[in-house]
Amino acid sequence: MRRNIGICTAFWLLAALPSVAFAELPCDGFENTESHELPSPLLDEVSGLAVSRTNGQFLWAHTDSGNTSELYVIDRTGKVYQTFTVKDVSNIDWEDIAIGPCSASDARSCIYISDMGDNLFKRTDKRILLIVEPDLSELKEVSTETGELSVIETISVKFPASQAPVQNYANPDCESVMVEPKTGEIYFVSKQSEGGEQSLYHLKRGVPVDGNSEGKPEKLASYEFSSVLGILEPMFNAVTGADFAPDGKHFVVRTYAEIYEYDLEAYGSMGEAFEHPIKAFLSAELQGESVAYDKDGKSLITACEKFKKAVATLNVFSCHLRPTDPGTEPDPGTEPDPGTEPDPGTE
């Protein structure tokens with residue numbers, strides 16, 4: 001494991017939040033257990049990560065505006081095993097990636113690329129690209145051949161009054177996307193919104209026609225992220241990534257420097273859960289733009305873009321299991337299990 005000292009080196013710190021108890025979330029904290037310098041200059045500007053559904057040993061990664069229309073298969077050290085070119089589309093501003101069923105009625109695994117980056121609030125061509133995830137189950141060695149992938153559906157994302165002036169935030173910059181792992185429902189969070197709040201949207205998908213459809217964003221809730229870095233707000237409060245846990249019971253949203261986790265089962269809806277983060281921790285990635293649950297549904301994997309003199313890194317935050325989580329050792333002071341042998345001194 002290669003450690004780095006610099007801006008992109010991550011450390012963990014639980015932040016006090018006015019919230020409910022940890023409820024059913026599996027972790028009571030996280031620890032940065034791995035930090036690897038991304039070895040390829042292709043990955044200096046990683047803006048999206050997602051763990052493969054066909055081989056959980058690998059992640060899908062991509063870069064953002066000004067870069068090629070390529071997806072990279074990497075391991076947890078950031079080593080590139082294979083590169084795929086997405087045919088016939090440009091990388092206008094790819095900002096996040098998610099993996100889930102292609103739709104509620106199509107259980108195939110699809111890669112969802114969110115091409116909705118828009119720092120100037122002017123784009124009217126925002127879209128989400130769907131690609132059937134190739135089978136990586138046999139991938140064991142680095143491939144020198146570049147594969148090709150095709151988009152099976154392009155969802156045009158049309159916000160109401162998308163020509164509105166910047167100050168209205170009616171056409172928000174969105175740099176996060178998450179896909180419900182059982183239904184394929186799409187959600188995303190605005191990077192910055194009016195009044196310092198960020199908004200959670202559900203994308204209502206239309207029926208595809210010749211590989212194209214239109215999605216209508218429905219705003220579910222808003223929340224004002226408050227960084228423990230204080231004076232550095234609002235920059236570090238900007239949302240840059242999100243992901244569902246594999247079981248769909250919790251989800252995570254990240255800003256440049258912090259990561260927030262939510263317990264969906266503790267609330268009646270996505271919107272209500274979004275307004276009540278259960279816990280947060282400081283990642284200290286000043287250019288952190290991606291987050292993904294690991295295949296265990298507990299630990300998190302993040303990436304930090306190259307920032308001035310600091311190198312780009314891939315970081316693993318391991319879960320501290322809650323004491324009541326099955327599989328943890330029982331407290332030595334607890335009563336013996338009813339099935340244990342009786343004390344020889346008893347009647």
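The values are calculated or read from the model by the stated rules, or taken from the named source; none is laboratory data. Fair warning: this is a prediction, and the values are worked out from it, not measured in the lab. FYI the Cβ positions are ideal-geometry reconstructions off the backbone, even for glycines, and counts take in every protein chain you see. Heads up: the accessible areas ignore ligands, DNA and RNA and are worked out on the full protein's heavy atoms, side chains in. Shrake-Rupley method; radii C 1.70, N 1.55, O 1.52, S 1.80 Å.
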Q) How many percent of the accessible area of the stretch 87-153 is carbon or sulfur, using a 1.4 Å probe? A) 47 percent
Q. How high is the relative contact order of the stretch 78-147, in percent, counting Cα pairs under 8 Å that sit 6 or more residues apart?
A. 36 percent
Q: List the lysines whose Cα lies under 21 Å from the Cα of K216, skipping any in the same chain that are fewer than 8 positions away.
A: K122, K126, K158, K182, K191, K204
Q | Candidates per GluC sites (Glu not before Pro) in the stretch 61-150, loop by DSSP, up to 10 other Cβ within 10 Å | A | E138, E141, E145
Q | Heavy-atom SASA rank of R108, R205 (probe 1.4 Å, accessible area, largest first) | A | R108, R205
**Q.** the stretch 98-137: mean projected area of Cα convex hull, nm²
**A.** 3.7 nm²
Q | Two-decimal Rg to Rh for the stretch 41-86 - Kirkwood Rh, Cα set | A | 0.93
Q) Which percent of the Cα-Cα distances in the stretch 83-152 go past 20 Å? A) 39 percent
Q. At a Förster radius of 30 Å, what calculated FRET efficiency corresponds to the Cβ-Cβ distance of L120 and D88, to the nearest 0.05?
A. 0.70
Q: Once you have the Kirkwood Rh of the stretch 249-301 from its Cα pairs, apply Stokes-Einstein at 10 °C and 1.306 mPa s and quote D in µm²/s.
A: 137 µm²/s
Q. What fraction of the Cα pairs in the stretch 55-176, stated in percent, has a spacing above 25 angstrom?
A. 29 percent
Q) List the lysines whose alpha-carbon lies under 27 Å from that of K79, not counting same-chain residues fewer than 8 positions away? A) K87, K140, K295, K298, K306, K308, K309
